[in-house]
1. I'm trying to understand the selection: among the residues of region 84-103, which are surrounded by fewer than 18 Cβ atoms within 10 Å (Cβ to Cβ), closer than 17 Å to ARG114 by Cβ and modelled with pLDDT under 95?
2. Out of GLY21, GLY7, which single residue is closer than 26 Å to THR119 by Cα and either in contact (Cβ under 8 Å) with a residue 12 or more places away in the chain or loosely packed, with under 14 Cβ neighbours inside 10 Å (or both)?
3. Are any residues in region 57-69 in contact with a Leu (Cβ under 6 Å, 6 or more places away or on another chain) and either assigned to a helix (DSSP H, G or I) or open to solvent by 50 Å² or more (accessible area, probe 1.4 Å) (or both), and if so, which ones?
4. Among the residues that make up region 176-197, is at least one of them closer than 30 Å to ASP42 by Cα, buried (at least 18 other Cβ atoms within 10 Å of the Cβ) and at pLDDT 50 or above?
5. For GLU164, only one of the following conditions fails: (1) in a helix (DSSP H, G or I); (2) acidic (Asp, Glu); (3) over 18 Å from the mean Cα position of the chain (by Cα). What is its number?
6. In region 1-33, which residue that is farther than 19 Å from LEU103 by Cα and touching a Phe, Trp or Tyr at 6+ places or on another chain (Cβ under 8 Å) is modelled with the lowest pLDDT?
7. Counting just the residues of region 110-138 that are assigned to a strand (DSSP E or B) and in contact with a Leu (Cβ under 7 Å, 6 or more places away or on another chain), which one comes out surrounded by the fewest Cβ atoms within 10 Å (Cβ to Cβ)?
8. Looking at ALA50, ALA54 in this structure, which one is open to solvent by less than 50 Å² (accessible area, probe 1.4 Å), in contact with a strand residue (DSSP E or B) (Cβ under 8 Å, 6 or more places away or on another chain) and at pLDDT below 90?
Amino acid sequence: MAQEEGGSLPEVRARVRAAHGIPDLAQKLHFYDRWAPDYDQDVATLLYRAPRLAVDCLTQALPGPPHSALILDVACGTGLVAAELRAPGFLQLHGVDGSPGMLEQAQAPGLYQRLSLCTLGQEPLPSPEGGLVCLTTRTNSSNLQYKEALEATLDRLEQAGMWEGLVAWPVDRLWTAGSWLPPSWRWYPASLPRMASSPALSTCTESGRRPRLRK
C-alpha cells in the first residue's frame with residue numbers, strides 16, 4: 001500500500017474497516033504486511049490515542065520503577081506503543097506480531113531488545129508467566145461477538161482464581177478524527193494466567209495475581 005502514501009481521512013477509515021472485515025487469518029496478515037509502510041502515517045491521520053492510553057494505564061498499575069519492568073508488546077505492529085513506553089522510562093521491551101512487514105517497521109527505530117514472529121491464537125507467546133497486561137476491545141457492531149466472548153473468558157478466569165481484574169477504563173474515543181468508531185474501549189491491567197498458551201493470551205488479556213516482573 002506504499003503507493004497510497006498520504007491517504008485522506010476517508011481513505012484511511014476505509015482501510016481500517018477493510019482490515020477489520022477480513023475473516024481469513026492469512027489474508028489479514030498479508031493485508032497488514034502491505035499496510036506496514038504507511039501504517040503510522042494512517043493512524044496519525046486518525047489521531048489514534050491507544051498507545052498513549054496504554055502507557056498511562058501501565059504506568060499507574062505497575063509496581064516499582066519503569067526501568068525494572070520487562071514489557072511484552074503483544075501484536076506490537078510498527079512499535080507505536082514502544083515509542084510511548086520510552087518516555088516514562090520503560091527500557092526492557094520485547095515485541096511479537098504475526099506480520100513480518102509490521103515487525104520490519106518495528107525493528108527500524110531500535111526500541112525493542114527482541115522482536116519475534118508470533119501469530120496470536122496459533123502458537124504460545126514467548127513469555128514467562130506473571131506480570132500485568134493491558135487489553136483493549138472495541139464496541140462497534142462488527143466487534144460485539146468477539147467482545148462478548150472475550151469478556152466471558154475474562155470472567156471465567158477471574159472466577160477460577162487465575163487472575164484478578166485491577167482496572168477497567170472506559171474511553172470515549174481512541175480515534176478522535178471523525179469520531180467514526182463508537183465509544184468505550186476498555187483497558188484491563190492484571191496479571192498473566194498460569195497457562196503459557198491459554199486462549200486468553202490470544203486476546204492480550206492479563207491477570208491480577210501479584211505481578212512477578214522478570215529481568
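The values are calculated or read from the model by the stated rules, or taken from the named source; none is laboratory data. On a predicted model such as this, the values are computed, not experimentally measured, just so you know. For neighbour counting, all protein chains shown are included, and Cβ atoms are generated from backbone atoms with ideal geometry for every residue, glycine included. Heavy atoms of the whole protein, side chains included, go into the accessibility calculation; ligands, DNA and RNA do not. Shrake-Rupley method; radii C 1.70, N 1.55, O 1.52, S 1.80 Å.
1. If the condition is that a residue be surrounded by fewer than 18 Cβ atoms within 10 Å (Cβ to Cβ), closer than 17 Å to ARG114 by Cβ and modelled with pLDDT under 95, then ARG86, LEU91 are the ones that fit.
2. GLY21
3. Result: ALA61, HIS67.
4. No, the conditions are met nowhere in region 176-197.
5. If we test GLU164 against (1) in a helix (DSSP H, G or I); (2) acidic (Asp, Glu); (3) over 18 Å from the mean Cα position of the chain (by Cα), just (1) comes out false.
6. Among them, the one singled out is ARG13.
7. If we take residues in region 110-138 being assigned to a strand (DSSP E or B) and in contact with a Leu (Cβ under 7 Å, 6 or more places away or on another chain), then LEU117 is surrounded by the fewest Cβ atoms within 10 Å (Cβ to Cβ).
8. ALA50
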